[in-house]
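To keep things clear, I will list the structure first and then write my remarks on it.
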Amino acid sequence: MASSTKPIVVEEVTTFRRSQVPLEVCILLEIPQRRKTTDVAFLVLFGISVVVLLSLMIYALCNSNMDRFIHGYDKCGNLCGSKNEKVDGISCSGQDMTNKPLLLYERTLVYDSYYDRNEYVYKPDRCVDKCNNR
C-alpha cells in the first residue's frame with residue numbers, strides 16, 4: 001500500500017513497457033494459499049440447468065411435429081397443406097387441407113371509443129390456397 005505522505009508516481013504505459021529492467025529483477029507477488037473458489041454452488045446449479053434444458057429440448061425435437069411450425073394450423077388444429085386425422089371432441093378437425101398450403105392471419109383495425117384508440121380485432125386463422133393481395 002502507498003504511504004499517505006508520499007505522492008504516487010504514475011508512469012505512462014509506453015514508458016512502463018520500454019523499461020530496461022530485466023524480468024528476473026521484477027518481483028511478482030505470489031498467490032496467497034488461503035484463496036479458494038467461491039462460485040462452486042452456482043457452477044453446479046448452472047450445469048444441472050443446462051443438462052435439464054438440453055434433455056427437454058431433445059425430447060421436444062424428437063416427439064413434436066415440426067410441420068406445425070413451418071406450415072401452421074387453423075382454429076381446429078388442421079395442419080395446412082396435409083391430410084389431417086379426426087380428433088375426438090373437435091367437430092371441425094380431420095379435414096383434407098392438401099390443396100390449402102398457406103395459413104391466413106386476418107386482423108381488422110377498429111376504433112375503440114371507450115379508450116379513444118385504435119385496436120386490432122383478430123379473426124380465427126384459416127388455411128387458404130393463395131394469399132389475398134390487398
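The values are calculated or read from the model by the stated rules, or taken from the named source; none is laboratory data. Nothing here was measured: the structure is a model prediction, and the numbers come from that model. All Cβ positions, even for glycine, are placed from backbone atoms using ideal geometry, and neighbour counts span all protein chains on display.
Scanning the stretch 77-108 for residues that are among the aliphatic types (A, V, I, L, M) and in contact (Cβ under 8 Å) with a residue 12 or more places away in the chain yields L79, I90, M97, L102, L103, L104.
Would you be able to tell me the number of residues in the stretch 93-107 that are in a strand (DSSP E or B) and surrounded by 12 or more Cβ atoms within 10 Å (Cβ to Cβ)? The total comes to 3. Taken over the stretch 72-92, residues that are of a type in the set (K, R) and outside any loop (DSSP other than H, G, I, E, B) amount to 1.
Condition check ((1) hydroxyl-bearing (S, T, Y); (2) touching a Lys or Arg at 6+ places or on another chain (Cβ under 9 Å); (3) farther than 20 Å from D67 by Cα) across all residues:
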position: S93; (1), (2), (3): yes, yes, no
position: M97; (1), (2), (3): no, yes, no
position: L103; (1), (2), (3): no, yes, no
position: E119; (1), (2), (3): no, no, yes
position: D125; (1), (2), (3): no, yes, no
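Just one of the numbered conditions (1) of a type in the set (S, T, N, Q); (2) at pLDDT below 85; (3) not in a loop (DSSP other than H, G, I, E, B) is not true of Q33: (3).
Taken residue by residue, the stretch 72-79 has no member that is modelled with pLDDT under 90 and surrounded by fewer than 10 Cβ atoms within 10 Å (Cβ to Cβ). Restricted to the stretch 52-71, and to residues there that are surrounded by 10 or more Cβ atoms within 10 Å (Cβ to Cβ) and either in a loop (DSSP other than H, G, I, E, B) or among the aromatic types (F, W, Y) (or both), the residue that is modelled with the highest pLDDT is Y59.
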